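As structure tokens, the structure follows; a few thoughts come after it.
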Amino acid sequence: MSHATFCRPDLDSFCRLDRLGLSVTGQLVGADHTVLACRVVEPDDWCHRCGGAGTLHDTVLRELAHVPLGWRPTILRLRVRRYRCTGCGHVWRQDTTAAGGARVKLSRQAVLWALKSVVIDRLSIARVAGMLGASWHTVNDAVLTAGRALLINDPGRFDGVRILGVDEHAWRHTRHGDRYVTVIIDLTPVRERTGAARLLDIVAGRSKEVFTSWLARQSPAFRTGIEVVAMDGFTGFKTATTEQLPDATAVMDPFHVVALAGDAVDRCRQRVQQATRGHRGRSGDPLYGIRRVLRTGSDLLTDRQRARLAAVFADDAHVEVEATWGIYQRIVAAYRQTRPGRREENAHHDHRHHQPRGACRTDRAEDPRPHPVPPSRRRSRLLRPPRHQQRTHRSDQRPTRTPTRHRPGLSQPHQLHHPRPTGHRRLPTPDTPSSAMSR
Ligand SMILES: [Zn+2]
């Protein structure tokens, strides 16, 4: 820049009007907005129908909101000539599509500015509209149209996707229409450490059909390129993947794996509670007393908590709880490993040498199934979760001495009107009727 030379001040280039095919002829600087009078540079005086010469018929005005220069709305007032053909009598007006698209009330520069403000700077449509001096609907329509053309219709957008993520999102909290959308993201940059996950698409609804038809709409090259599909425990996504992407590996993200294993610990504890005491857990029951300690990562336990666990596990009647707890802890520990290779070693090592007492009787331990994917196919992927998915889970939370009324990690079946984090949705299990899936 230091070697650049100054030239005469020029409003056309300063306001980027030259790129719009316009030239400024006057300015009206008001207190709250500026109007720039412009003429259309290109004469466009040859008949659009027969090619004959046109004569000036009259002029009309077209106003476009421009980029807000000087922190106030800038309006371009275009004098547009209308011509009449001397041969055929056809009347046309000067082409101004270089300045703004047909029936769009924003200049092309303003549309790009609005799109950038909304997408990158996260400004609201209302704020952008206020700065442009345009209506909300004008800006909203322009941003949607430009976003579709520049971002969504980019033919290269789906290139190179190898790791696909699919999840649901509750976006509407009313009784009308679909409450859920299916969110499809590209996790390839996360695995390759080249950037953040990219949003590929959002589709209304949450079902096997939604994901199946989305996959079916993609190009064969896209489908064959997918190596891994990461998802929560929803069997519909798994079935859609198996049908549409037979060569891809479906993996469940760590958060949901740990949640499932934790639920198994709870179910086992409740079952053994009933078997040994004949009633639901209540204050004073040994298993009830350790219900939170069981869900805590064993490396986070205090000495006092360890002693309480040991005391309860000393009772042979509780051996199934101890076995299920041991499996849960090994799953948690596997995800805690920071070096990917260590996770599998750790899991295997524990299995051989560190079985909890009674683990030989795992046939009676609570089965954390159903897994959405056969373990043989799943293990190596599961133990290497994408970095963004290494969410903390409830075993990282120390149990509080005074129990809170609402624990976000536990199922809250009454809160149907609240957005349900995906971690709450469970797979259909023998004790989870399929009707519960539609919640
Ligand atoms: Zn003509």
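The values are calculated or read from the model by the stated rules, or taken from the named source; none is laboratory data. Just so it is clear, the structure is predicted and the values come from calculations on it, not from any experiment. Every residue, glycine as well, gets a Cβ built from its backbone with ideal geometry; the counts of neighbours run over all protein chains shown.
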(request) Find the residue count for region 278-290, including only residues that are surrounded by 16 or more Cβ atoms within 10 Å (Cβ to Cβ) and farther than 13 Å from Val312 by Cα. (result) 1
(message) Cβ contacts < 8 Å: first residue touching a residue at least 40 places away in the same chain (Cβ under 8 Å), restricted to region 285-312; second residue outside any loop (DSSP other than H, G, I, E, B) and of a type in the set (D, E, K, R), any location; separation 6+ or different chain. Result?
(response) Val293/Arg308; Arg295/Asp266; Arg295/Arg394; Gly297/Arg336; Gly297/Asp396; Leu300/Asp396
(message) Could you tell me how many of the residues in region 97-144 are out of contact with any Lys or Arg (no Cβ under 6 Å at 6 or more places or on another chain), among the β-branched types (Val, Ile, Thr), in contact (Cβ under 8 Å) with a residue 24 or more places away in the chain and part of a helix (DSSP H, G or I)?
(response) 5
(request) Take region 19-69 and flag every residue that is in contact with a His (Cβ under 8 Å, 6 or more places away or on another chain) and within 20 Å of Val104 (Cβ to Cβ). (result) Leu36
(request) Output the qualifying pairs, or none if there are none: Cβ atoms under 9 angstrom, residues six or more apart or on different chains, first residue in region 80-93 and farther than 10 Å from Leu56 by Cα and more than 9 Å from the ligand (Cβ to nearest atom), second residue in a strand (DSSP E or B) and of a type in the set (Asp, Glu). (result) none
(request) Considering (1) touching a Cys at 6+ places or on another chain (Cβ under 6 Å); (2) more than 16 Å from the ligand (Cβ to nearest atom); (3) free of Cβ contacts under 8 Å to residues at least 40 places away in the same chain, say which one Cys7 fails and leave the rest. (result) (1)
(request) Determine which single condition Leu61 fails, assuming it passes every other condition in (1) over 20 Å from Ser135 (Cβ atoms); (2) exposed (fewer than 15 other Cβ atoms within 10 Å of the Cβ); (3) at pLDDT 95 or above. (result) (1)
(message) Quick check on region 146-163: of everything there that is of a type in the set (Val, Ile, Thr) and touching a helix residue (DSSP H, G or I) at 6+ places or on another chain (Cβ under 8 Å), which residue is surrounded by the fewest Cβ atoms within 10 Å (Cβ to Cβ)?
(response) Val161
(message) Criterion first (modelled with pLDDT of 90 or more and either within 16 Å of the ligand (Cβ to nearest atom) or under 30 Å from Ala149 (Cα atoms) (or both)) does Arg103 satisfy it?
(response) no
(request) Go through Ala240, Ala216 for me and flag whichever is modelled with pLDDT of 90 or more, small (Gly, Ala, Ser), surrounded by 18 or more Cβ atoms within 10 Å (Cβ to Cβ) and not in a strand (DSSP E or B). (result) Ala240
(request) Output yes when any residue across region 193-211 is hydroxyl-bearing (Ser, Thr, Tyr), crowded, with 16+ Cβ neighbours inside 10 Å, over 14 Å from the mean Cα position of the chain (by Cα) and assigned to a helix (DSSP H, G or I), and no when none is. (result) no
